[in-house]
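Asker: Pasting in a structure now, in structure tokens, and then I'll have a few things to ask.
Derivation of every value follows stated rules applied to the coordinates shown; laboratory data play no part. Please read these numbers as outputs of a predicted model, since none were measured by experiment. For neighbour counting, all protein chains shown are included, and Cβ atoms are generated from backbone atoms with ideal geometry for every residue, glycine included.
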Amino acid sequence: MCCLFTILFLLGARAVDVVWWIAQPARWDAAFSSALWPILGIIFAPWTTMTWVIVAPGGVRGIDWLWVGIAIFVDVAFWSGGAWGNRGRMTGSSQAA
């Protein structure tokens, strides 16, 4: 079991989401009303999707919103960090060599 967690950690949040969805589909059904949202979440916002599945089935109240906000921040940082790191590769950029 420890090896599974290590492998999933190394593969990232998307792998964890997919395996968790396969392992506990009832929890995912309780968190989302259709399959469209988790699919889009796994593609574009895996940390937010994972956090939502953790907090949503019992109802999102109080500190749960903090966890969802942190997850949103992590997903936005992931996307913006990639853009910042590749800013010199874009044509017309003042950083291009």
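Results for (1) of a type in the set (Lys, Arg); (2) under 21 Å from residue 74 (Cβ atoms); (3) touching a Leu at 6+ places or on another chain (Cβ under 6 Å), shown as yes or no for each residue.
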residue: 3; (1), (2), (3): no, no, no
residue: 6; (1), (2), (3): no, yes, no
residue: 15; (1), (2), (3): no, yes, yes
residue: 20; (1), (2), (3): no, yes, no
residue: 23; (1), (2), (3): no, no, no
residue: 26; (1), (2), (3): no, no, no
residue: 30; (1), (2), (3): no, no, no
residue: 33; (1), (2), (3): no, no, no
residue: 40; (1), (2), (3): no, yes, no
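Asker: Okay, moving on. When you scan region 31-69, how many residues do you find that are among the polar types (S, T, N, Q) and within 15 Å of the chain's Cα centre (by Cα)? Outline the logic, then answer.
Answerer: Taking region 31-69 first, the residues among the polar types (S, T, N, Q) are 33-34, 48-49, 51.
Of the ones still in play, those that are also within 15 Å of the chain's Cα centre (by Cα) are 48-49, 51.
The qualifying residues number 3.
Asker: Name the residue that is surrounded by the most Cβ atoms within 10 Å (Cβ to Cβ), counting only residues in region 1-48 that are aromatic (Phe, Trp, Tyr) and assigned to a helix (DSSP H, G or I).
Answerer: Narrowing region 1-48 to residues aromatic (Phe, Trp, Tyr): 5, 9, 20-21, 28, 32, 37, 44, 47.
Now narrow it down to the ones that are assigned to a helix (DSSP H, G or I): 5, 9, 20-21, 28, 37, 44, 47.
Details: 5: 10, 9: 11, 20: 17, 21: 19, 28: 21, 37: 14, 44: 12, 47: 23.
Filtering first and then ranking leaves 47.
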